[in-house]
Amino acid sequence: MTSFSIKRGYRRSISAPAPIDDTGTPAPKRPSRAVRRESRLTFGGIVYIAVTLFLAVGAINSQNNLLFWLFGVAIATLIVSGIFSGNALMKTRLRSRAFKEVSAGQTLRLHYTVKNRSRFFPLFAALISEIQDQRNAIGTFLPASVIHIGPGQSGSFVGILKPTRRGRVTLKRIRLSTRFPFGLLQKSLIFEQPRTLLVLPHKLQLHPGLLRHTHAQGEQARRRSARGGRSDELWGLREYVPGDPRRRISWKHSARRSELVVVEHTQTISSRIWIWIIEPDADTGQRAQLTERAIAAAASLIEQGASRSIPIGLWFPQRGLRIEPMSGRSHAGRVQRALAMVDLDLEESPLTPPPTRERDRVIVFRAGGATPNGTPDARVLDMTKPESWLADPSSLPEALGGKP
């Protein structure tokens, strides 16, 4: 569930700068103090106090020494419960590490460092949890468990976050709470540590041949692959023809054949691929969900193309995204971050086709609406039919309309 390590003392570094996450949010250099304390009775504590009051009434009415003894033990238990948990928390410091990027639906490990500066009181059975705005919840949290931190010791603890949607979110507050020793009182410390988290779109398992079929289509692709070109893939050898560049002459094979031969390469079938996202014209009740599907599918296809060094660009004019086709994982990361930041609540821009070249191909992720004319060789994928573009339709996340 969680992991932790304990070490004696805490060493501060005065030369190393605070680590900074991918979104530019610096992590605290050292554990910070709490900005607020909270105390409340648990349900068990309320029942316990009710029983204690009954003991008090019974002891007064009956003047029974045994009931007075039980009443005194009950009051002492409440006092001990408040002293033990309160004194340990008052000297506690906490630090959270900066967040890393994570895709929606995946798990992110949240790292915390807790320092107990109390000289006498240990900290037992505490939980570290993030406080998020319920109106803008990013996902589900699994609190980090603190089993024990002795006086003057520090420990590292790990919680889990599973975001359910993409976007940028700022987590500001952390709660450290404990109900030790009897579970009657819950005492908490609130730490103010703003950290920014960027959640990328969901990663979907698309059809493996989606890019291959788009990269080479129909009779035109068959004709192009049957003759030589200028790509890096070797096609074969042929006799030298006056006018061929010298750098294409294969001197080794020419020496064997006693005649000049040149190296010929295959012709590139498609130079670039455009991913075009089209939103519905009107709100049909599923507009946001279908658009989120298109965003997740586009991000997954771009990552798939980056692993195969295929230049892919993004065309989402309704949300102001126009990214030229490029290859490489760094380009894929930039596109995914741009898709993660798309705000569907803003006003839309006009829909325009991508500026394609002669051999470019277009994949349209249509969440609704019609594809404008003048877009040749476009492959249209309907977001309402996941079976046409997902390798396994049952793998569609619940947040995108899949089955739980």
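Observations on the model:
- Selection status of Thr178, at pLDDT below 95, surrounded by 21 or more Cβ atoms within 10 Å (Cβ to Cβ), touching a helix residue (DSSP H, G or I) at 6+ places or on another chain (Cβ under 9 Å) and not charged (D, E, K, R): yes
- Residue-level check: of (1) of a type outside the set (Val, Ile, Thr); (2) in contact with a helix residue (DSSP H, G or I) (Cβ under 6 Å, 6 or more places away or on another chain); (3) over 17 Å from Phe124 (Cβ atoms), Gly139 misses just (2).
- Per-region count, the range 123-170, residues modelled with pLDDT under 90, crowded, with 19+ Cβ neighbours inside 10 Å and over 14 Å from the mean Cα position of the chain (by Cα): 1
- Residue match in the range 280-290 (condition: surrounded by 18 or more Cβ atoms within 10 Å (Cβ to Cβ), closer than 26 Å to Ile138 by Cβ and hydrophobic (A, V, I, L, M, F, W, C)): yes
The values are calculated or read from the model by the stated rules, or taken from the named source; none is laboratory data. What you see is a predicted model; the values in this text were computed from it and never measured. Methodologically, a virtual Cβ is constructed for each residue, glycine included, from the backbone with ideal geometry; neighbour enumeration extends over all protein chains shown.
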